[in-house]
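Undergrad: If you scroll down you'll find the structure; I have some questions about it.
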Amino acid sequence: MNNLLRLIGRRLIALPIMAIGVTMLVFFVMELSPIDPAWTALGDNAADPAQVKAFNIAHGYVTDDGSETGKPIPAVVRYFNYLVGLCQGDFGIYGVGTGHKVVDLIAPALPVTLQLTFFGLFIAVLISFPLGVIAALYRDRWPDQVFRVLSVVFIGTPSFWLAALLVLLGLALGHGELVAGGLPGITEDFGGWVTRMILPALALATPVIGQMTRVVRTSVVEELDRDYVRTALGAGIPRPVVIARNVLRNALITPVTVLGLRVGYLMGGAVVIEIIFGLQGMGKVLVQGVQQSQVEVVQAAALVVALAFIVVNIVVDMLYLLINPRIRSV
């Protein structure tokens, strides 16, 4: 138990370090952009030095020292101010003279992306694990051959292409509620939420289903070939008991690890799927930021998605530690 707590402590200590690294990467990559945020946001009005100066002051690029353009703030100082703001939940403002907070865009959008990501993850686990186990138990027989072919087809199916196909299919069949309209609250109307979310989640999960089916099958086959399984069967222990108590538990270690890596893929894919299905998630925030050249919005959206990915992977690492007892003694 002490070893387990020590390993979990290491993961938790690494979390803020990785988070700071991500903030530095996102901030300074955006800093290297040759685009002038003031000129891009103001457009034709950027010819007015007073408006440019006001924009730069409002967004923390310069200080008002009485000169025409203001005194530029060093990037390191701005990064420190940005970090302090993040710790207070302040992602900055966007727009010209509006004072709208970026956090007001992120707050309603992030839950939609996370809901889609984890619903897709749930569907992938719900389908791929049984398929992989059945394929392993019927190795080289017709169920195995069928599921292996299906897994190859699923892996080769792009999520965005399948999403577009499902949208067209839903509209053609007269079920527009499946592919368009608002997203009900998950606690207010769970049935309506599932109805609106099922097709985007299925499109997102399909390639992962193919990948995880192959991983689960390989992992279970390796466990079935181990000596302890033959010893247990030779001792008269029923095969279903050996499979349920030993094989499946040991075989879960590798798929859980791979699944943690797939969460990043699902979260990135969710941003694209949201746009296709018209969901008001981080995809919409990113597109708005890019289309309207809102640096703060793009910066915040990229940062939030990256931080969410880090947190999820830390959680998966802890789950991996709990599943694999051999790691606890390291």
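The values are calculated or read from the model by the stated rules, or taken from the named source; none is laboratory data. Just so you know, these numbers come straight off a predicted model, no measurement behind them. Counting neighbours? That spans all protein chains shown, and the Cβs are built from the backbone with ideal geometry, glycine included. Just so you know, the surface numbers come from the protein's heavy atoms only, side chains and all, with ligands and any DNA or RNA stripped out. Shrake-Rupley method; radii C 1.70, N 1.55, O 1.52, S 1.80 Å.
Undergrad: Just the number, please: carbon plus sulfur as a percent of the accessible area of the chain, 1.4 Å probe, no ligands or DNA/RNA counted. Each step should come with its number before you reach the end.
TA: Details: 11760 of 17410 Å².
Answer for the chain is 68 percent, counting heavy atoms of protein chains only.
Undergrad: So, one more: What number do you get for region 150-308 when its Cα radius of gyration is normalised by 2.2 N^0.38 Å, N = residues? Provide the component values of the computation, followed by the final result.
TA: On the way: Rg = 20.9 Å, N = 159, 2.2 N^0.38 = 15.1 Å.
Ratio of Cα Rg to 2.2 N^0.38 Å: 1.38.
Undergrad: Can you give the FRET efficiency for W39 and L233, using 1/(1 + (r/R0)^6), R0 = 51 Å, r = Cβ-Cβ distance, to the nearest 0.05?
TA: Working: r = 74 Å, r/R0 = 1.45.
According to the calculation, E is roughly 0.10.
Undergrad: If the elastic network links every pair of Cα atoms under 10 Å, which of T231, T23, T218 fluctuates the most in the Gaussian network model of the chain?
TA: It is T231.
Undergrad: Rounded to the nearest 10 Å², what accessible area does W39 have for a 1.4 Å probe in the complete protein model?
TA: Ignoring ligands and nucleic acids, W39 comes out at about 140 Å².
Undergrad: Scan the chain and hand back the longest stretch that contains none of the GluC sites (Glu not before Pro) lying in DSSP loops with at most 12 other Cβ atoms within 10 Å. Before the final figure, lay out each step's value.
TA: On the way: sites that count: E68, E188.
The longest such stretch corresponds to 189-330.
Undergrad: To the nearest 0.05, how large is the calculated FRET efficiency for K71 and M318 if R₀ is 51 Å and r is the Cβ-Cβ distance? Before the final figure, lay out each step's value.
TA: On the way: r = 47 Å, r/R0 = 0.92.
Step by step, r from the Cβ atoms, then E = 0.60.
Undergrad: Also: Send over a whole-number figure in Å² for the accessible area per residue of the chain, probe 1.4 Å. Please report the intermediate quantities before stating the final value.
TA: Working: 17410 Å² over 330 residues.
Counting only protein heavy atoms, the per-residue value for the chain is 53 Å².
Undergrad: If you put +1 on each Lys and Arg Cβ and -1 on each Asp and Glu Cβ, how big is the dipole of the chain around its Cα centre, in Debye rounded to 20?
TA: On the way: 22 positive and 21 negative charges, 377 e Å.
Approximately 1820 debye in magnitude.
Undergrad: If amide hydrogens are placed 1.01 Å from N in the peptide plane, which non-local residues have theirs closer than 5 Å to the one on G70?
TA: Amide H neighbours of G70, under 5 Å, 5+ apart: D65.
Undergrad: Which is farthest toward the positive dipole end of region 76-181 among V112, V77, G156, measuring Cα position about the Cα centre, with Cβ charges +1 (Lys, Arg) and -1 (Asp, Glu)?
TA: Towards the positive end, the residue furthest out is G156.
Undergrad: If you keep only loop residues by DSSP, which trypsin sites (Lys or Arg not before Pro) in region 140-238 have at most 10 other Cβ atoms within 10 Å of their Cβ?
TA: Details: sites: R141, R148, R196, R214, R217, R226, R230; in loops: R141, R226.
Sparse-neighbourhood loop trypsin sites (Lys or Arg not before Pro): R141.
Undergrad: While we're here: For Cα pairs less than 8 Å apart in space and 6+ apart in sequence, what is the mean separation divided by the residue count of the chain, i.e. the relative contact order in percent?
TA: Values: 382 pairs, mean separation 81.3, N = 330.
This gives 25 percent for the chain.
Undergrad: Note down the nm distance, to one decimal, between modelled labels 7 Å out along Cα→Cβ at N81 and at I17.
TA: 3.0 nm
Undergrad: At what distance in nm do the modelled label points of L25 and L171 sit from each other, each positioned 7 Å from its Cα along Cα→Cβ?
TA: Output for this residue pair reads 3.7 nm.
Undergrad: Still on this structure, I have one more. Using the Karplus curve 6.51 cos²θ - 1.76 cosθ + 1.60 with θ = phi - 60°, work out ³J(HN,Hα) for each residue of region 61-71 in order, rounded to whole Hz, and write x for Gly and Pro.
TA: Once rounded to whole Hz, the list reads 8, 9, 10, 8, 10, x, 7, 5, 9, x, 8.
Undergrad: Amide H neighbours of V62 under 5 Å, counting only residues 5+ apart in sequence or on other chains, H built in-plane at 1.01 Å?
TA: Sorted by chain and number, the residues that satisfy this are I57, I73.
Undergrad: Right, something else. Applying 1/(1 + (r/R0)^6) with R0 = 41 Å to the Cβ-Cβ distance of E188 and I8, what FRET efficiency is obtained, to the nearest 0.05? Kindly include the intermediate steps, with their values, before the conclusion.
TA: Values: r = 35 Å, r/R0 = 0.86.
After rounding, the FRET efficiency stands at 0.70.
Undergrad: Could you size up the charge dipole of region 72-175 around its Cα centre, putting +1 on the beta carbon of Lys and Arg and -1 on that of Asp and Glu, and report it in debye to the nearest 20?
TA: Numbers: 5 positive and 4 negative charges, 29 e Å.
That gives region 72-175 a dipole magnitude of about 140 debye.
Undergrad: Restricting things to alpha carbons, find the Rg to Rh ratio for the chain using the Kirkwood radius for Rh. Don't skip to the end; give the middle numbers.
TA: Numbers: Rg = 24.9 Å, Rh = 23.1 Å.
Taking Rh as the inverse mean 1/r over Cα pairs, Rg/Rh reads 1.08.
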